[in-house]
Amino acid sequence: MKLLLKNGRIIEPSQKKDFVSDILIVNGIIEKIGSNISEEKIDQTIELNGKIVAPGFIDMHVHLREPGFEYKETIESGCSAAATGGFTAVCCMPNTNPPIDEASVVNWIVERSKHVDGGIIDVYPIAAITKNREGKELSPMMELVDAGAVGFSDDGACVENAEVMRRAMEYSTMIKKPIIQHPEDISLSKGGVMNEGFVSTSLGMQPIPSIAESIIIARDVQLAEYTQAQYHAAHVSSGKSVEIIRTAKKKSKQVTCEVTPHHFTLTDEDVRSFDTNTKMNPPLRNQDDVEALKEGLKDGTIDVIATDHAPHSFDEKQVEFMVAPFGIVGLETAIGLAYTELVKTGYLDIYQLIEKYSVNPRRILHLLPISIIEGEKANLTILDPDFEWVVDIQKFKSKSKNSPFHGHKLFGKAFAIINNGRIHFVD
Amino acid sequence: MPLLSRHLLGLEGVPKDDIQLILDTATSFREVLERPIKKVPTLQGKTIVNLFFESSTRTRISFELAERRLSADVVNFSADMSSLKKGETLKDTARNIEAMKIDMVVMRHAASGAAVFLSKVINAIIINAGDGAHEHPTQALLDMYSIREKHGTIQGLKVCIVGDISHSRVALSNIYGLKTMGARIAVCGPKTLIPRFIEQIGIEIFNNIDDAIKWSDILNVLRIQLERQDRAFFPSLMEYRKYFAVTRERLDKADKVITIMHPGPINRDVELSADVADSAHSLILQQVLNGVAIRMAVLYLLGTRS
């Protein structure tokens, strides 16, 4: 299979590369990069007209829901959503049923993902830190890594007990994988459904104070320093959390964090509609927090943009706000939101955007870096940054449509992805 | 003049003219309640369902009386006999009931925003009879009616709401409604029972009951729920009584007459001493009577709005 990409703008931030060129890909390997490549027997020629060719994007925080919750999402539908969103890889979180707390589940997920569209999406399981994600006993971490887990998290649940967290961190240093915390002090957040602020007060809603998040992060960065472990804070949502991580990073390269597109796009004001698609955990914060998150992205305190793609069925969300499950889908709006909210507004340049969607998460997860050079495997996300489009949830490939962004006008969309010898065009 | 809104979901954002119209309409129904035969044919042929997902004796009885006195057909559905325990969603329950061709739904529900949600999933006219800690508009309307009846006006009066503001739907509806009608508002209670940022609505906050009494023309005292002790909101009822109860002794220290209100049910000698509750300046029983008139007014205005 010979594939010729014409006039792509190749951007590789780690090598400071940015130039327009043709790329010849033969059987999934980059055979030639150069201008005006003319080659015999090309199977497919694609004119890119300056569209961006970037190292393949990875979403390191996705709930694929399989096994156990196939009515929300399956590995197949989730991978299809990832491809449409412009990702060549996802990390799937362990709050499945059974949870990803033993090697057989890791094997099963990886095996299954290989049969989806010829395995175009690399699925990297994140295994549970503790058995059954209960925060009590450590999962068999070494065995899980041997099976293919790339990191650990009890996501959806916080490892609350400081002793357990300390031991998990110590243990993880032997296998050099990140401990990914869902930072939430349950004693402060219990019963809450939205951010504590003027909006929660004026709606009479049970609040979740932002300190429920930042208090755990403050503790964890001390534990990480003490144990020399690699620590990654998931879905950071408050200005205070950014501040704590900024300070911790001055001492250690082992502390990293991520933010979701919805947390830098929406605020708790959007909850006034009582739309259950504005209910997520952590909750949407206020305008000051949004500003702090954008600043954190800009100065590098926040390393990664990850979606926390959390599919729920239509009926599960068609209930009273208090009763509705937390979470929204994110894979198919991720690039558009980031480009619109961050690049168009000048917070990030395109290089930084690519770092946060590709280079940094791969570094944190110790995955091989992607190089767009001759002889390397083609793992590429092709972006059309100026493409203007309107979000239509009915067009989502995800099984679930729980997005608050229906009808939003966005700029920037994936045009195609290439990985493992396959190409997928986004329609 | 018809009301601007099709439903009564809350008082936040309800214009002054609408509130005025409801209060004025209630005046004529109040007169009906004084007649030997307390029934008018206004809502004959209309069917109203009282959907109570939380127990509430007095609000439900008040609505039911109001509905019957307007000659509506009334169906009661309460949480105990509800299908909630069978796992049915609110949407399904409501749509099933609506399929039987009903015109209006009066709903009490534990979730803030439940009435707004209901208005999006069914077509019937919705009256919110209390949703979580969000709003309880008819309670605030009857409170405003009672204030106007006693003082002749609402404009410029100082009303302080005392007690558990955080978990109260009465407080928010009163704040929204009274502000629209030109009253000045304060809340008083232990800091743990006053939600953060509430001052941004434009109200005063007191943590000392004597200061609140000194400031107020009217005290609207809320019921203190014992269960709140469980999550450390306050130490004990004894301590609450000692530092926050509205008592004769405290009122006597103010050199003015202060009107006392309470949405009920009262914890006698906890938030309110018995002699205050039963005093000449207490509006508590008038509030109950006015509640029926207000609910008749709301049902009439929404039920006959074409």
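The values are calculated or read from the model by the stated rules, or taken from the named source; none is laboratory data. A quick note: this is a predicted structure, and the numbers were derived from the prediction, not measured. No Cβ is skipped: glycine too gets one built from the backbone with ideal geometry, and neighbour counts run over all protein chains shown. The protein model used for the area step is the full one, side chains on, heavy atoms only, and it has no ligands, DNA or RNA in it. Shrake-Rupley method; radii C 1.70, N 1.55, O 1.52, S 1.80 Å.
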Legend entry - Odd one out for residue A:22 among (1) in contact with a Lys or Arg (Cβ under 8 Å, 6 or more places away or on another chain); (2) on the phi > 0 side of the Ramachandran plot: (2)
Inset, instruction - Examine the range B:25-47 for a residue that is touching a strand residue (DSSP E or B) at 6+ places or on another chain (Cβ under 6 Å), assigned by TED's automatic domain parsing to the domain that holds residue B:293 and either farther than 19 Å from residue B:290 by Cβ or not in a loop (DSSP other than H, G, I, E, B) (or both), and state whether such a residue exists. - result: yes
Inset, instruction - Check residue A:206 against each of (1) touching a residue at least 40 places away in the same chain (Cβ under 8 Å); (2) at the interface with chain B (Cβ under 9 Å from one of its Cβ atoms); (3) touching an Asp or Glu at 6+ places or on another chain (Cβ under 8 Å) and name the one condition it does not meet. - result: (3)
Inset, instruction - Evaluate the range A:251-273: report whether one residue or more is within 26 Å of residue B:94 (Cα to Cα), within 11 Å of another protein chain (Cβ to nearest Cβ), open to solvent by 10 Å² or more (accessible area, probe 1.4 Å) and touching a residue at least 40 places away in the same chain (Cβ under 8 Å). - result: yes
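Is it fair to say residue A:211 is within 14 Å of another protein chain (Cβ to nearest Cβ), farther than 28 Å from residue A:90 by Cα and not aromatic (Phe, Trp, Tyr)?
Working: within 14 Å of another protein chain (Cβ to nearest Cβ): yes; farther than 28 Å from residue A:90 by Cα: yes; not aromatic (Phe, Trp, Tyr): yes.
Answer is yes for this residue.
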Inset, instruction - From (1) over 25 Å from residue A:303 (Cβ atoms); (2) of a type outside the set (Phe, Trp, Tyr); (3) not assigned by TED's automatic domain parsing to the domain that holds residue A:208, pick out the condition that doesn't hold for residue A:323. - result: (3)
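Output the strands (runs of 3 or more DSSP E) that fall wholly within the range A:1-65 and possess 2 or more residues being closer than 28 Å to residue A:305 by Cα, or say none. Full working, then the answer.
Numbers: elements: A:2-12, A:17-26, A:29-34, A:44-47, A:52-55, A:57-62.
So the answer is A:2-12, A:17-26, A:29-34, A:52-55, A:57-62.
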Inset, instruction - Go through the range A:215-258 and give me each residue that's over 25 Å from residue A:284 (Cα atoms) and among the small types (Gly, Ala, Ser). - result: A:224, A:229, A:252
Legend entry - Where a residue in the range A:37-52 is of a type in the set (Gly, Ala, Ser) and its partner, wherever it lies, is open to solvent by 40 Å² or more (accessible area, probe 1.4 Å), with Cβ under 8 Å and at least six apart: A:50/A:7; A:50/A:9; A:50/A:20
Legend entry - residue B:126, sole failed condition from (1) more than 14 Å from every other protein chain (Cβ to nearest Cβ); (2) hydrophobic (A, V, I, L, M, F, W, C); (3) within 25 Å of residue B:40 (Cα to Cα): (1)
Inset, instruction - For residues that are crowded, with 23+ Cβ neighbours inside 10 Å and touching a residue at least 40 places away in the same chain (Cβ under 8 Å), tally how many sit in the range A:235-250. - result: 7
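Determine which member of the set B:119, B:71, B:78 is in contact with a Leu (Cβ under 9 Å, 6 or more places away or on another chain), within 14 Å of another protein chain (Cβ to nearest Cβ) and not basic (Lys, Arg).
Going through B:119, B:71, B:78 in turn, the sole match is B:119.
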Legend entry - the range B:166-175: number of residues that are open to solvent by 10 Å² or more (accessible area, probe 1.4 Å) and more than 11 Å from residue B:134 (Cα to Cα): 0
Inset, instruction - Inspect all residues belonging to the range B:145-154 and state whether any of them is over 30 Å from residue B:283 (Cα atoms) and either open to solvent by 20 Å² or more (accessible area, probe 1.4 Å) or touching a Pro at 6+ places or on another chain (Cβ under 8 Å) (or both). - result: no
Legend entry - the range B:100-138: number of residues that are surrounded by fewer than 24 Cβ atoms within 10 Å (Cβ to Cβ) and of a type in the set (S, T, N, Q): 2
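Test residue A:14 against the criterion of being open to solvent by 10 Å² or more (accessible area, probe 1.4 Å), within 27 Å of residue A:362 (Cβ to Cβ) and among the hydroxyl-bearing types (Ser, Thr, Tyr), and give yes or no. If you could, list the steps in order and put the result at the bottom.
Values: open to solvent by 10 Å² or more (accessible area, probe 1.4 Å): yes; within 27 Å of residue A:362 (Cβ to Cβ): yes; among the hydroxyl-bearing types (Ser, Thr, Tyr): yes.
Answer is yes for this residue.
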Inset, instruction - For residue B:93, work out the one condition from (1) open to solvent by less than 10 Å² (accessible area, probe 1.4 Å); (2) within 14 Å of chain A (Cβ to nearest Cβ); (3) polar (S, T, N, Q); (4) under 30 Å from residue B:39 (Cα atoms) it doesn't fulfil. - result: (4)
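Here is a yes/no grid of residues against (1) open to solvent by 10 Å² or more (accessible area, probe 1.4 Å); (2) at pLDDT 95 or above; (3) acidic (Asp, Glu):
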position	(1), (2), (3)
A:60	no, yes, no
A:79	no, yes, no
A:84	yes, yes, no
A:94	no, yes, no
A:98	yes, yes, no
A:106	no, yes, no
A:112	yes, yes, no
A:122	yes, yes, yes
A:125	no, yes, no
Inset, instruction - Exactly one condition in (1) surrounded by fewer than 20 Cβ atoms within 10 Å (Cβ to Cβ); (2) in a helix (DSSP H, G or I); (3) within 14 Å of another protein chain (Cβ to nearest Cβ) is not met by residue B:54; state its number. - result: (2)
Legend entry - Of residues in the range A:150-203 being more than 13 Å from every other protein chain (Cβ to nearest Cβ) and part of a strand (DSSP E or B), the one surrounded by the fewest Cβ atoms within 10 Å (Cβ to Cβ): A:151
Legend entry - Counted residues, the range A:311-350 - those being within 14 Å of chain B (Cβ to nearest Cβ) and not in a loop (DSSP other than H, G, I, E, B): 4
Inset, instruction - Answer yes or no as to whether residue A:362 is within 14 Å of chain B (Cβ to nearest Cβ) and either at pLDDT 95 or above or assigned to a helix (DSSP H, G or I) (or both). - result: no
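Pick from the range B:193-241 the residues that are away from chain A (no Cβ under 14 Å) and small (Gly, Ala, Ser): which of them is surrounded by the fewest Cβ atoms within 10 Å (Cβ to Cβ)? Talk me through it step by step, then tell me what you get.
Restricting attention to the range B:193-241, the residues satisfying the condition of being away from chain A (no Cβ under 14 Å) are B:204, B:206-221, B:223-226, B:229, B:234-241.
Of the ones still in play, those that are also small (Gly, Ala, Ser) are B:212, B:216, B:236.
Working: B:212: 24, B:216: 25, B:236: 10.
The extreme case among them is B:236.
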